[in-house]
1. Does residue 411 meet the test of being more than 30 Å from residue 59 (Cβ to Cβ), in a helix (DSSP H, G or I) and polar (S, T, N, Q)?
2. From (1) of a type outside the set (A, V, I, L, M, F, W, C); (2) in contact with a Phe, Trp or Tyr (Cβ under 8 Å, 6 or more places away or on another chain); (3) within 30 Å of residue 269 (Cβ to Cβ), pick out the condition that doesn't hold for residue 294.
3. Identify the residue in segment 213-261 that is polar (S, T, N, Q) and assigned to a helix (DSSP H, G or I) and, among all such residues, is farthest from residue 92 (Cα to Cα).
4. Yes or no: residue 363 without any contact (Cβ under 8 Å) to a residue 60 or more places away in the chain and of a type outside the set (A, V, I, L, M, F, W, C)?
5. How many residues does segment 310-327 hold that are polar (S, T, N, Q) and part of a helix (DSSP H, G or I)?
6. Quick one: count up the residues across segment 350-384 that are surrounded by fewer than 20 Cβ atoms within 10 Å (Cβ to Cβ), hydrophobic (A, V, I, L, M, F, W, C) and in a strand (DSSP E or B).
Amino acid sequence: MLPYKKIIQILLLWLACSWPAAYAQAPAVPSKSDPQKQAAAIDQIVAVVNDDVITLYELQVRVGIAEQQLKKRDISLPAAEELKKQVLDRMIMDLLQTQFAKETGVRIDDTQLDKAMRRIAQENKFASPVELRAQLEKEGVDFKKFREEIRGEIIAARLREREVDSKLVISDGEVENYLSTQVKQAGKSEEYQLAHILVLVPEQASADKIEASRQRAAKALAELRSGADFAQVAAGYSNAKDALQGGNLGWRAADSIPTLFQDVLKKMKPGDTSEILRSSNGFHIFKLVDQRIKDIPQIIKQTHARHILIKTSELVPDNEAMKRLLEIKRRIEGGASFVEQAKRYSEDGSAAQGGDLGWISPGDTVPEFEEAMNALQDKQMSGAVQSGFGWHLIQVLERRSADISMEQKKQQARVALRAVKSDEAYQDWLRQLRDRAYIEIRLEAAR
(Lines give C-alpha, C1' and ligand atoms only; values in the text may rest on other atoms or scores of the structure.)
Protein backbone atom coordinates (compact mmCIF):
# COMPACT_ATOMS: atom_id res chain seq x y z
CA MET A 1 0.00 0.00 0.00
CA LEU A 2 2.44 2.66 1.21
CA PRO A 3 5.88 1.17 0.48
CA TYR A 4 7.68 4.50 0.31
CA LYS A 5 8.22 7.88 1.90
CA LYS A 6 6.97 11.08 0.31
CA ILE A 7 10.22 12.79 -0.61
CA ILE A 8 9.38 16.44 -0.27
CA GLN A 9 10.30 19.10 2.23
CA ILE A 10 7.64 18.94 4.91
CA LEU A 11 5.52 22.06 4.65
CA LEU A 12 5.05 22.55 8.35
CA LEU A 13 8.73 22.29 9.17
CA TRP A 14 9.49 24.90 6.53
CA LEU A 15 6.85 27.19 7.96
CA ALA A 16 8.33 26.79 11.41
CA CYS A 17 11.41 28.60 10.11
CA SER A 18 9.93 31.17 7.78
CA TRP A 19 6.24 31.92 8.34
CA PRO A 20 6.55 35.51 9.60
CA ALA A 21 8.50 36.68 6.55
CA ALA A 22 6.57 34.71 4.00
CA TYR A 23 3.19 36.16 4.83
CA ALA A 24 3.88 39.69 5.99
CA GLN A 25 1.74 42.34 4.38
CA ALA A 26 3.26 43.73 1.22
CA PRO A 27 4.58 47.27 0.95
CA ALA A 28 4.28 47.29 -2.86
CA VAL A 29 0.47 47.46 -2.92
CA PRO A 30 -1.00 50.79 -4.08
CA SER A 31 -2.19 52.82 -1.11
CA LYS A 32 -5.90 52.96 -0.38
CA SER A 33 -5.44 56.70 -0.28
CA ASP A 34 -4.87 56.55 -4.03
CA PRO A 35 -7.99 54.67 -5.15
CA GLN A 36 -7.46 55.43 -8.85
CA LYS A 37 -4.08 53.67 -8.91
CA GLN A 38 -5.47 50.79 -6.85
CA ALA A 39 -8.44 50.35 -9.18
CA ALA A 40 -6.14 50.43 -12.21
CA ALA A 41 -3.90 47.77 -10.68
CA ILE A 42 -6.89 45.57 -9.91
CA ASP A 43 -8.15 45.90 -13.48
CA GLN A 44 -4.87 45.40 -15.32
CA ILE A 45 -4.18 41.80 -16.31
CA VAL A 46 -0.56 40.61 -16.26
CA ALA A 47 -1.22 36.99 -17.22
CA VAL A 48 -3.98 34.78 -18.57
CA VAL A 49 -3.78 31.17 -17.36
CA ASN A 50 -6.35 28.96 -19.08
CA ASP A 51 -9.68 30.44 -17.93
CA ASP A 52 -8.22 32.48 -15.05
CA VAL A 53 -6.28 35.73 -14.89
CA ILE A 54 -3.66 37.29 -12.64
CA THR A 55 -3.97 41.04 -12.07
CA LEU A 56 -1.26 43.62 -11.55
CA TYR A 57 -2.62 44.22 -8.04
CA GLU A 58 -2.23 40.53 -7.13
CA LEU A 59 1.29 40.54 -8.54
CA GLN A 60 2.23 43.66 -6.57
CA VAL A 61 1.00 42.02 -3.38
CA ARG A 62 3.10 38.92 -4.02
CA VAL A 63 6.16 40.95 -5.00
CA GLY A 64 5.85 42.81 -1.69
CA ILE A 65 5.68 39.49 0.15
CA ALA A 66 8.74 38.25 -1.71
CA GLU A 67 10.68 41.41 -0.84
CA GLN A 68 9.79 40.99 2.84
CA GLN A 69 10.84 37.36 2.73
CA LEU A 70 14.20 38.10 1.11
CA LYS A 71 14.93 40.97 3.51
CA LYS A 72 14.07 38.78 6.49
CA ARG A 73 16.68 36.30 5.26
CA ASP A 74 19.24 39.09 4.68
CA ILE A 75 19.23 38.36 0.94
CA SER A 76 19.93 41.34 -1.32
CA LEU A 77 17.03 42.04 -3.65
CA PRO A 78 17.50 41.20 -7.32
CA ALA A 79 16.64 43.72 -10.02
CA ALA A 80 13.00 44.78 -9.70
CA GLU A 81 12.00 43.52 -13.14
CA GLU A 82 13.69 40.14 -12.57
CA LEU A 83 11.94 39.72 -9.23
CA LYS A 84 8.60 40.63 -10.77
CA LYS A 85 9.07 38.01 -13.51
CA GLN A 86 10.13 35.42 -10.94
CA VAL A 87 7.10 36.05 -8.75
CA LEU A 88 4.72 36.01 -11.71
CA ASP A 89 6.16 32.67 -12.85
CA ARG A 90 5.55 31.26 -9.35
CA MET A 91 1.99 32.58 -9.34
CA ILE A 92 1.32 30.95 -12.70
CA MET A 93 2.57 27.58 -11.46
CA ASP A 94 0.52 27.88 -8.26
CA LEU A 95 -2.59 28.71 -10.27
CA LEU A 96 -2.02 25.79 -12.67
CA GLN A 97 -1.81 23.38 -9.74
CA THR A 98 -4.95 24.87 -8.19
CA GLN A 99 -6.79 24.44 -11.48
CA PHE A 100 -5.59 20.85 -11.86
CA ALA A 101 -6.59 20.06 -8.27
CA LYS A 102 -10.14 21.31 -8.93
CA GLU A 103 -10.36 19.28 -12.13
CA THR A 104 -9.23 16.08 -10.43
CA GLY A 105 -11.15 16.40 -7.17
CA VAL A 106 -8.28 17.28 -4.80
CA ARG A 107 -9.67 19.59 -2.13
CA ILE A 108 -8.79 20.67 1.38
CA ASP A 109 -11.90 21.67 3.32
CA ASP A 110 -11.95 23.99 6.32
CA THR A 111 -11.91 21.11 8.82
CA GLN A 112 -8.70 19.73 7.33
CA LEU A 113 -7.23 23.21 7.11
CA ASP A 114 -8.05 23.86 10.78
CA LYS A 115 -6.15 20.69 11.67
CA ALA A 116 -3.16 21.89 9.68
CA MET A 117 -3.31 25.24 11.45
CA ARG A 118 -3.20 23.47 14.81
CA ARG A 119 -0.07 21.64 13.69
CA ILE A 120 1.53 24.86 12.49
CA ALA A 121 0.79 26.44 15.87
CA GLN A 122 2.40 23.48 17.64
CA GLU A 123 5.47 23.57 15.37
CA ASN A 124 5.91 27.25 16.16
CA LYS A 125 5.54 26.70 19.93
CA PHE A 126 2.15 28.40 20.28
CA ALA A 127 -0.38 27.06 22.75
CA SER A 128 -3.23 27.24 20.24
CA PRO A 129 -4.18 28.52 16.76
CA VAL A 130 -5.77 31.53 18.47
CA GLU A 131 -2.40 32.49 19.91
CA LEU A 132 -0.78 31.91 16.51
CA ARG A 133 -3.33 34.18 14.85
CA ALA A 134 -2.76 36.91 17.41
CA GLN A 135 0.98 36.80 16.75
CA LEU A 136 0.50 36.83 13.00
CA GLU A 137 -1.77 39.85 13.16
CA LYS A 138 0.70 41.55 15.50
CA GLU A 139 3.34 41.00 12.79
CA GLY A 140 1.00 42.64 10.27
CA VAL A 141 -0.01 39.40 8.55
CA ASP A 142 -3.36 39.02 6.81
CA PHE A 143 -4.59 35.84 8.52
CA LYS A 144 -7.11 34.92 5.83
CA LYS A 145 -4.42 35.11 3.17
CA PHE A 146 -2.12 33.05 5.37
CA ARG A 147 -4.77 30.31 5.68
CA GLU A 148 -5.35 30.24 1.93
CA GLU A 149 -1.62 30.01 1.27
CA ILE A 150 -1.46 27.02 3.60
CA ARG A 151 -4.43 25.43 1.83
CA GLY A 152 -2.63 25.87 -1.48
CA GLU A 153 0.60 24.37 -0.16
CA ILE A 154 -1.21 21.31 1.18
CA ILE A 155 -3.05 20.83 -2.11
CA ALA A 156 0.27 21.07 -3.98
CA ALA A 157 1.79 18.47 -1.66
CA ARG A 158 -1.16 16.12 -2.23
CA LEU A 159 -0.87 16.55 -6.00
CA ARG A 160 2.84 15.76 -5.89
CA GLU A 161 2.21 12.69 -3.81
CA ARG A 162 -0.50 11.39 -6.13
CA GLU A 163 0.78 12.46 -9.54
CA VAL A 164 4.52 11.99 -9.04
CA ASP A 165 5.72 10.10 -5.98
CA SER A 166 3.18 7.29 -6.24
CA LYS A 167 4.31 6.55 -9.82
CA LEU A 168 8.06 6.34 -9.27
CA VAL A 169 9.60 2.93 -9.96
CA ILE A 170 12.90 1.75 -8.46
CA SER A 171 14.50 -1.30 -10.09
CA ASP A 172 16.26 -4.11 -8.19
CA GLY A 173 19.44 -3.24 -10.07
CA GLU A 174 19.37 0.30 -8.74
CA VAL A 175 18.93 -1.02 -5.21
CA GLU A 176 21.88 -3.41 -5.55
CA ASN A 177 24.14 -0.65 -6.86
CA TYR A 178 23.10 1.60 -3.99
CA LEU A 179 23.83 -1.09 -1.37
CA SER A 180 27.24 -1.86 -2.87
CA THR A 181 28.13 1.82 -2.46
CA GLN A 182 26.96 1.73 1.18
CA VAL A 183 29.24 -1.23 1.88
CA LYS A 184 32.22 0.75 0.58
CA GLN A 185 31.31 3.64 2.87
CA ALA A 186 31.33 1.30 5.92
CA GLY A 187 28.14 2.53 7.53
CA LYS A 188 28.82 6.21 6.91
CA SER A 189 26.71 8.61 4.87
CA GLU A 190 28.09 11.80 3.32
CA GLU A 191 25.78 14.81 3.40
CA TYR A 192 25.94 18.11 1.54
CA GLN A 193 24.46 21.48 2.48
CA LEU A 194 23.47 22.94 -0.87
CA ALA A 195 22.09 25.98 -2.63
CA HIS A 196 20.75 25.63 -6.14
CA ILE A 197 19.75 27.56 -9.24
CA LEU A 198 17.54 25.86 -11.85
CA VAL A 199 16.68 27.35 -15.23
CA LEU A 200 13.92 25.19 -16.67
CA VAL A 201 13.77 24.09 -20.30
CA PRO A 202 10.22 23.61 -21.65
CA GLU A 203 9.26 20.10 -22.73
CA GLN A 204 9.94 19.51 -26.44
CA ALA A 205 11.60 22.91 -26.57
CA SER A 206 13.06 24.20 -29.81
CA ALA A 207 16.80 24.71 -30.17
CA ASP A 208 16.28 28.46 -29.77
CA LYS A 209 14.40 28.03 -26.47
CA ILE A 210 17.03 25.64 -25.14
CA GLU A 211 19.74 28.13 -26.04
CA ALA A 212 17.79 30.96 -24.39
CA SER A 213 17.62 28.93 -21.17
CA ARG A 214 21.32 28.11 -21.38
CA GLN A 215 22.15 31.79 -21.85
CA ARG A 216 20.01 32.70 -18.83
CA ALA A 217 21.94 30.15 -16.74
CA ALA A 218 25.23 31.49 -18.18
CA LYS A 219 24.24 35.04 -17.19
CA ALA A 220 23.49 33.84 -13.64
CA LEU A 221 26.85 32.05 -13.46
CA ALA A 222 28.66 35.13 -14.76
CA GLU A 223 27.16 37.23 -11.98
CA LEU A 224 28.23 34.62 -9.43
CA ARG A 225 31.77 34.55 -10.84
CA SER A 226 31.92 38.35 -10.56
CA GLY A 227 31.19 38.10 -6.83
CA ALA A 228 27.38 38.41 -6.63
CA ASP A 229 25.64 36.79 -3.68
CA PHE A 230 24.33 33.33 -4.57
CA ALA A 231 21.01 33.84 -2.80
CA GLN A 232 20.40 37.11 -4.63
CA VAL A 233 21.18 35.52 -8.02
CA ALA A 234 18.94 32.54 -7.22
CA ALA A 235 16.08 34.88 -6.36
CA GLY A 236 16.51 36.62 -9.69
CA TYR A 237 17.11 33.69 -12.04
CA SER A 238 16.06 30.34 -10.59
CA ASN A 239 12.81 28.64 -11.62
CA ALA A 240 12.95 26.27 -8.65
CA LYS A 241 10.35 26.62 -5.91
CA ASP A 242 13.04 27.53 -3.38
CA ALA A 243 14.25 30.53 -5.46
CA LEU A 244 12.81 33.12 -3.09
CA GLN A 245 14.53 31.36 -0.19
CA GLY A 246 17.83 32.01 -1.94
CA GLY A 247 17.87 28.57 -3.56
CA ASN A 248 18.58 26.95 -0.19
CA LEU A 249 18.16 23.15 -0.32
CA GLY A 250 19.41 22.48 3.20
CA TRP A 251 21.25 19.25 4.00
CA ARG A 252 20.94 16.43 1.46
CA ALA A 253 22.35 12.90 1.76
CA ALA A 254 24.77 12.22 -1.07
CA ASP A 255 22.81 9.15 -2.10
CA SER A 256 19.63 11.25 -2.47
CA ILE A 257 21.28 13.38 -5.15
CA PRO A 258 21.33 12.34 -8.82
CA THR A 259 24.62 10.72 -9.87
CA LEU A 260 25.26 13.49 -12.39
CA PHE A 261 25.40 16.04 -9.57
CA GLN A 262 27.13 13.73 -7.06
CA ASP A 263 30.12 13.34 -9.35
CA VAL A 264 30.54 17.13 -9.49
CA LEU A 265 29.94 17.74 -5.79
CA LYS A 266 32.60 15.19 -4.81
CA LYS A 267 35.21 17.40 -6.50
CA MET A 268 34.02 20.60 -4.83
CA LYS A 269 35.01 22.22 -1.54
CA PRO A 270 32.67 24.16 0.80
CA GLY A 271 32.11 27.59 -0.71
CA ASP A 272 32.63 26.40 -4.31
CA THR A 273 30.10 26.99 -7.08
CA SER A 274 29.69 24.48 -9.89
CA GLU A 275 29.74 25.08 -13.61
CA ILE A 276 26.41 24.86 -15.48
CA LEU A 277 25.05 21.30 -15.37
CA ARG A 278 22.42 20.00 -17.78
CA SER A 279 19.67 17.55 -16.85
CA SER A 280 16.50 16.48 -18.61
CA ASN A 281 14.53 19.39 -17.13
CA GLY A 282 16.97 22.26 -17.47
CA PHE A 283 20.26 23.87 -16.46
CA HIS A 284 21.57 23.76 -12.89
CA ILE A 285 24.16 25.62 -10.82
CA PHE A 286 25.06 24.33 -7.33
CA LYS A 287 26.84 25.95 -4.43
CA LEU A 288 28.38 23.60 -1.86
CA VAL A 289 27.79 25.43 1.42
CA ASP A 290 29.14 22.69 3.72
CA GLN A 291 29.55 18.92 3.99
CA ARG A 292 29.69 16.31 6.75
CA ILE A 293 29.78 12.58 7.43
CA LYS A 294 26.82 11.03 9.26
CA ASP A 295 26.60 7.58 10.86
CA ILE A 296 23.89 5.28 9.46
CA PRO A 297 21.82 3.79 12.33
CA GLN A 298 21.79 -0.01 12.50
CA ILE A 299 18.93 -0.39 15.02
CA ILE A 300 15.49 0.85 14.05
CA LYS A 301 12.03 0.96 15.60
CA GLN A 302 9.41 -0.97 13.66
CA THR A 303 5.63 -1.02 13.93
CA HIS A 304 3.31 -3.87 13.02
CA ALA A 305 0.12 -2.20 11.78
CA ARG A 306 -2.95 -2.75 9.67
CA HIS A 307 -5.28 -0.32 7.97
CA ILE A 308 -8.39 0.22 5.90
CA LEU A 309 -8.25 2.67 3.00
CA ILE A 310 -11.15 4.44 1.30
CA LYS A 311 -9.87 6.26 -1.76
CA THR A 312 -11.07 9.66 -2.93
CA SER A 313 -11.90 10.41 -6.55
CA GLU A 314 -14.12 12.63 -8.65
CA LEU A 315 -16.98 10.24 -7.86
CA VAL A 316 -16.07 9.86 -4.17
CA PRO A 317 -15.20 13.30 -2.69
CA ASP A 318 -13.30 13.73 0.57
CA ASN A 319 -16.35 14.10 2.79
CA GLU A 320 -18.02 10.99 1.40
CA ALA A 321 -14.86 8.89 1.75
CA MET A 322 -14.38 10.06 5.33
CA LYS A 323 -18.01 9.24 6.20
CA ARG A 324 -17.63 5.74 4.81
CA LEU A 325 -14.48 5.19 6.83
CA LEU A 326 -15.99 6.47 10.06
CA GLU A 327 -18.98 4.15 9.55
CA ILE A 328 -16.55 1.23 9.24
CA LYS A 329 -14.82 2.36 12.42
CA ARG A 330 -18.19 2.53 14.20
CA ARG A 331 -18.93 -1.08 13.20
CA ILE A 332 -15.52 -2.29 14.42
CA GLU A 333 -15.99 -0.51 17.74
CA GLY A 334 -19.37 -2.23 17.93
CA GLY A 335 -17.75 -5.66 17.67
CA ALA A 336 -17.17 -6.24 13.95
CA SER A 337 -13.86 -7.82 12.91
CA PHE A 338 -11.22 -5.38 11.64
CA VAL A 339 -9.90 -8.11 9.35
CA GLU A 340 -13.29 -8.79 7.78
CA GLN A 341 -14.09 -5.11 7.38
CA ALA A 342 -10.72 -4.57 5.68
CA LYS A 343 -11.26 -7.52 3.32
CA ARG A 344 -14.70 -6.22 2.41
CA TYR A 345 -14.21 -2.48 2.16
CA SER A 346 -10.51 -1.52 1.97
CA GLU A 347 -9.39 -0.25 -1.43
CA ASP A 348 -5.75 -1.09 -0.85
CA GLY A 349 -3.63 -4.06 -1.95
CA SER A 350 -3.43 -5.18 1.69
CA ALA A 351 -7.19 -5.83 1.81
CA ALA A 352 -6.77 -9.57 1.08
CA GLN A 353 -4.57 -9.83 4.21
CA GLY A 354 -7.17 -8.07 6.34
CA GLY A 355 -5.33 -4.78 5.96
CA ASP A 356 -2.13 -6.19 7.49
CA LEU A 357 0.91 -4.13 6.42
CA GLY A 358 3.47 -6.25 8.24
CA TRP A 359 6.43 -4.63 9.99
CA ILE A 360 6.81 -0.99 8.98
CA SER A 361 10.11 0.87 9.30
CA PRO A 362 10.54 4.66 9.53
CA GLY A 363 10.12 6.18 6.09
CA ASP A 364 8.15 3.26 4.63
CA THR A 365 4.91 5.23 4.56
CA VAL A 366 3.84 8.76 3.71
CA PRO A 367 4.35 11.29 6.55
CA GLU A 368 0.64 11.71 7.40
CA PHE A 369 0.23 7.96 7.87
CA GLU A 370 3.49 7.56 9.81
CA GLU A 371 2.74 10.46 12.15
CA ALA A 372 -0.74 9.15 12.97
CA MET A 373 0.57 5.60 13.42
CA ASN A 374 3.38 6.73 15.73
CA ALA A 375 0.87 8.57 17.95
CA LEU A 376 -1.06 5.35 18.67
CA GLN A 377 -0.58 2.95 21.56
CA ASP A 378 -0.40 -0.80 20.95
CA LYS A 379 -3.85 -2.19 19.96
CA GLN A 380 -5.19 1.37 19.62
CA MET A 381 -7.17 2.39 16.53
CA SER A 382 -6.91 5.83 14.94
CA GLY A 383 -9.59 8.19 13.76
CA ALA A 384 -9.88 9.05 10.07
CA VAL A 385 -6.40 9.89 8.74
CA GLN A 386 -6.04 11.60 5.38
CA SER A 387 -3.19 11.20 2.92
CA GLY A 388 -2.86 11.73 -0.80
CA PHE A 389 -4.37 8.26 -1.32
CA GLY A 390 -7.59 8.91 0.59
CA TRP A 391 -8.73 8.21 4.15
CA HIS A 392 -7.16 5.58 6.41
CA LEU A 393 -8.23 3.76 9.56
CA ILE A 394 -5.04 2.57 11.28
CA GLN A 395 -4.51 0.08 14.08
CA VAL A 396 -1.15 -0.61 15.71
CA LEU A 397 -0.72 -4.28 16.66
CA GLU A 398 2.77 -4.25 18.22
CA ARG A 399 6.20 -2.62 18.10
CA ARG A 400 9.81 -3.78 18.24
CA SER A 401 13.43 -2.64 17.90
CA ALA A 402 15.31 -4.55 15.26
CA ASP A 403 18.65 -4.82 13.55
CA ILE A 404 18.45 -3.67 9.97
CA SER A 405 18.15 -6.84 7.94
CA MET A 406 19.04 -7.06 4.26
CA GLU A 407 15.38 -6.58 3.37
CA GLN A 408 15.22 -3.47 5.52
CA LYS A 409 18.42 -2.17 3.95
CA LYS A 410 16.85 -2.69 0.54
CA GLN A 411 13.75 -0.83 1.65
CA GLN A 412 15.83 2.06 2.94
CA ALA A 413 17.72 2.05 -0.34
CA ARG A 414 14.44 2.37 -2.22
CA VAL A 415 13.47 5.32 -0.04
CA ALA A 416 16.80 7.07 -0.72
CA LEU A 417 16.62 6.32 -4.44
CA ARG A 418 13.12 7.76 -4.62
CA ALA A 419 14.56 10.97 -3.23
CA VAL A 420 17.01 11.01 -6.13
CA LYS A 421 14.22 10.74 -8.67
CA SER A 422 11.42 12.63 -6.97
CA ASP A 423 12.55 16.24 -7.37
CA GLU A 424 13.40 15.82 -11.04
CA ALA A 425 10.16 13.93 -11.71
CA TYR A 426 8.19 16.67 -9.96
CA GLN A 427 9.84 19.37 -12.06
CA ASP A 428 9.06 17.33 -15.18
CA TRP A 429 5.41 17.07 -14.11
CA LEU A 430 5.17 20.82 -13.49
CA ARG A 431 6.78 21.50 -16.84
CA GLN A 432 4.27 19.23 -18.59
CA LEU A 433 1.42 20.91 -16.70
CA ARG A 434 2.61 24.28 -17.95
CA ASP A 435 3.21 23.09 -21.51
CA ARG A 436 -0.39 21.81 -21.75
CA ALA A 437 -1.84 25.10 -20.51
CA TYR A 438 -2.81 28.26 -22.36
CA ILE A 439 -0.66 31.03 -20.88
CA GLU A 440 -0.47 34.61 -22.12
CA ILE A 441 1.95 36.98 -20.39
CA ARG A 442 0.94 40.66 -20.47
CA LEU A 443 3.45 41.97 -17.96
CA GLU A 444 5.13 44.38 -20.34
CA ALA A 445 1.79 46.04 -21.16
CA ALA A 446 0.78 46.38 -17.49
CA ARG A 447 2.62 49.41 -16.17
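The values are calculated or read from the model by the stated rules, or taken from the named source; none is laboratory data. No experiment lies behind these values; they were computed from the predicted model shown. Here Cβ is always computed from backbone atoms with ideal geometry, including for glycine, and neighbour counts include all displayed protein chains.
1. yes
2. For residue 294, the failing item is (2).
3. Looking at the filtered set, the residue picked out is 259.
4. No; evaluated as a whole, the condition is false for this residue.
5. Result for segment 310-327: 1.
6. Count: 2.
Quick grid of which residues meet (1) charged (D, E, K, R); (2) free of Cβ contacts under 8 Å to residues at least 40 places away in the same chain; (3) surrounded by 14 or more Cβ atoms within 10 Å (Cβ to Cβ):
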{"site": "73", "(1), (2), (3)": "yes, no, yes"}
{"site": "78", "(1), (2), (3)": "no, no, yes"}
{"site": "81", "(1), (2), (3)": "yes, yes, no"}
{"site": "85", "(1), (2), (3)": "yes, no, yes"}
{"site": "91", "(1), (2), (3)": "no, no, yes"}
{"site": "105", "(1), (2), (3)": "no, no, no"}
{"site": "128", "(1), (2), (3)": "no, yes, no"}
{"site": "138", "(1), (2), (3)": "yes, yes, no"}
{"site": "144", "(1), (2), (3)": "yes, yes, no"}
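Listed here are the residues, each with its yes/no results for (1) at positive phi; (2) among the hydrophobic types (A, V, I, L, M, F, W, C).
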position: 221; (1), (2): no, yes
position: 232; (1), (2): no, no
position: 255; (1), (2): no, no
position: 268; (1), (2): no, yes
position: 282; (1), (2): yes, no
position: 319; (1), (2): no, no
position: 322; (1), (2): no, yes
position: 329; (1), (2): no, no
